[in-house]
Amino acid sequence: MHAVLLADEDDFEGWRDSARGLAIAGVPPRDVTWQVGQGGGELFGDEAPPPAADGPAFAVPRAFLTLAQTVICHSDPERFALLYTLLCRIRSNSKAMEDGADAIVQRLERMAKEVRRDMHKMHAFLRFREVAEEGAERFVAWFEPDHHIVRATAGFFVRRFAGMRWSILTPELSIHWDGERLTEGPGAARADAPSGDPVEETWKTYYSSIFNPARLKVGAMLKEMPKKYWKNMPETALVAPLIAGAQGREAAMVEASKRKLSEAEVQGLATADKAERRLQPGSNALAAWEAILADAKACTHCHLYKHATQTVFGEGPLDARIMFVGEQPGDQEDLAGRPFVGPAGQLFDRALGEAGVDRTQTYVTNAVKHFKFERRGKRRIHQKPEAPEIEACRWWIEQERTLIRPPVTVALGATAARSLFGRVMTISRVRGEPLELPDGGEAWVTVHPSFLLRLPDPDKKRDEYARFVEDLARIGQRAKALG
Ligand code: URA
């Protein structure tokens, strides 16, 4: 027997090194025990530590490593052994992971999904509160994740709140960011985090100065926030009356947000008005969407707003079964204030028609909401958005998805895929199959209509266009099948 002692619950490197040594030595899964702790001879008994990995190296599919890195964060104590079992199978059959009917593969994938959902909840529902500390600003949040995800999510909070000093306290671990360095401390108790006075004003000011006016959370909260997180969130105070059916407040919200819009903008919302009729009377969805729209119109998250004519937000029914996400508005969209109305939009409309998908039943939006261009004389030449611009705009697309919760989200091209998945993706590798988004939703990836417009060879253009129509038709059928 061999016993592996891992340093931490999420010790992926420790698991990987031990698993590699064990697999090279041909140790079967039943001869290995996995433990987490500080180490101590008594833990091992007669068991030997794992052999060093000194045999010939062996390759595993990248998908396995990605799966293992995620599953390691799960709270199920069997995760280490299950992953090692799958690793041993992969050694003798490199396609072992592709057997979707295999019970271990299924179980590990389910665990990975649960971890991703937990991470998504932490991203979305963690709330900082300001604490006074030596005259300096510091923000502290309390959170109780279901899995061992704190280290894995730290990078997200560092990127989003790089300029602040903050701590995240959880029962297992605390992490602290001083503006430059991330450090760790022991777990904490709820009582260690600021509570009582919800410092709602501070919270609102803080978030609105970064990206998140409190009211924007209304839609998210009504749609998907588990009650478990409510006690940590000051804006629950805003939601309770809405949930209790405070119609007056809702109506005022709708009116107030409509007043902020020009006539042309209200016209642009015609499709949303249709949606309102379809949604249940008293639904908060339209009010929340309009609130988001009003804030997006004033967005200054990145520099692009300075030169663009206006924010081009998504449009379509709020109960759409499909959400299409493009790259960014082009020249004509920037002037019209609506997505996909220029040449790429016309090609898109034609392809949708041939695929049997009714655009008016879909929600169409972009990863980046402002037109990025370079001026050449009188012309404005499209420029591809860079990662920081995509990142800054992800907030809006997350709000749109949270509110609409389309059964199928479609990334049109690489920028949209980068925005939805939070990482660079190669379209040809992921095209034509359902993929899981970090929040658990289903996404499909296909090419951007502009790619088709740019193809110089007519035969290639025709073939690629036909493939695009095929993709759209499959997506349409999938959305129908999902009900
Ligand atoms: N290209 C896009 O990605 N979006 C638009 O809205 C128009 C062109």
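Details
- Selected residue [under 26 Å from the mean Cα position of the chain (by Cα), more than 16 Å from the ligand (Cβ to nearest atom) and more than 21 Å from D471 (Cα to Cα)] from T311, T300: T300
- Of the criteria (1) in contact (Cβ under 8 Å) with a residue 24 or more places away in the chain; (2) closer than 19 Å to P28 by Cα; (3) open to solvent by 30 Å² or more (accessible area, probe 1.4 Å), which one I90 fails: (3)
Quick grid of which residues meet (1) out of contact with any helix residue (DSSP H, G or I) (no Cβ under 7 Å at 6 or more places or on another chain); (2) within 12 Å of the ligand (Cβ to nearest atom):
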residue	(1), (2)
Q332	yes, yes
V341	no, yes
L352	no, no
A355	no, no
T360	no, no
V364	yes, yes
R376	yes, no
I381	yes, no
E389	no, no
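- Pair list, Cβ under 7 Å, 6 or more apart: the range 454-483 residue more than 25 Å from V408 (Cα to Cα), other residue part of a helix (DSSP H, G or I): L455/K461; L455/E464; K461/L452
- Extreme residue, farthest from H176 (Cα to Cα), among residues of the range 121-153 that are open to solvent by 40 Å² or more (accessible area, probe 1.4 Å) and within 19 Å of the chain's Cα centre (by Cα): D146
- Output for the range 383-399, where each listed residue is open to solvent by less than 20 Å² (accessible area, probe 1.4 Å) and touching a strand residue (DSSP E or B) at 6+ places or on another chain (Cβ under 7 Å): I397
- Filter result for T402 (under 25 Å from R117 (Cα atoms), more than 9 Å from the ligand (Cβ to nearest atom) and open to solvent by 30 Å² or more (accessible area, probe 1.4 Å)): no
- Residues that are surrounded by fewer than 16 Cβ atoms within 10 Å (Cβ to Cβ) and among the acidic types (D, E), drawn from the range 424-441: E433, E436
- Per the conditions (1) in contact with a strand residue (DSSP E or B) (Cβ under 9 Å, 6 or more places away or on another chain); (2) assigned to a helix (DSSP H, G or I); (3) modelled with pLDDT of 95 or more; (4) of a type outside the set (S, T, Y), the sole criterion not satisfied by L43 is (3).
- Output for the range 10-41, where each listed residue is within 21 Å of E172 (Cα to Cα) and surrounded by 19 or more Cβ atoms within 10 Å (Cβ to Cβ): D10, D11, F12, G14, W15, W34
The values are calculated or read from the model by the stated rules, or taken from the named source; none is laboratory data. Predicted model, so just to flag it, every value in this text is computed and none were measured. In this analysis, Cβ positions are derived from the backbone assuming ideal geometry, glycine residues included, and neighbour counts consider all displayed protein chains. For the accessible areas, the whole protein counts, side chains as well, though only heavy atoms, and no ligand, DNA or RNA atoms are used. Shrake-Rupley method; radii C 1.70, N 1.55, O 1.52, S 1.80 Å.
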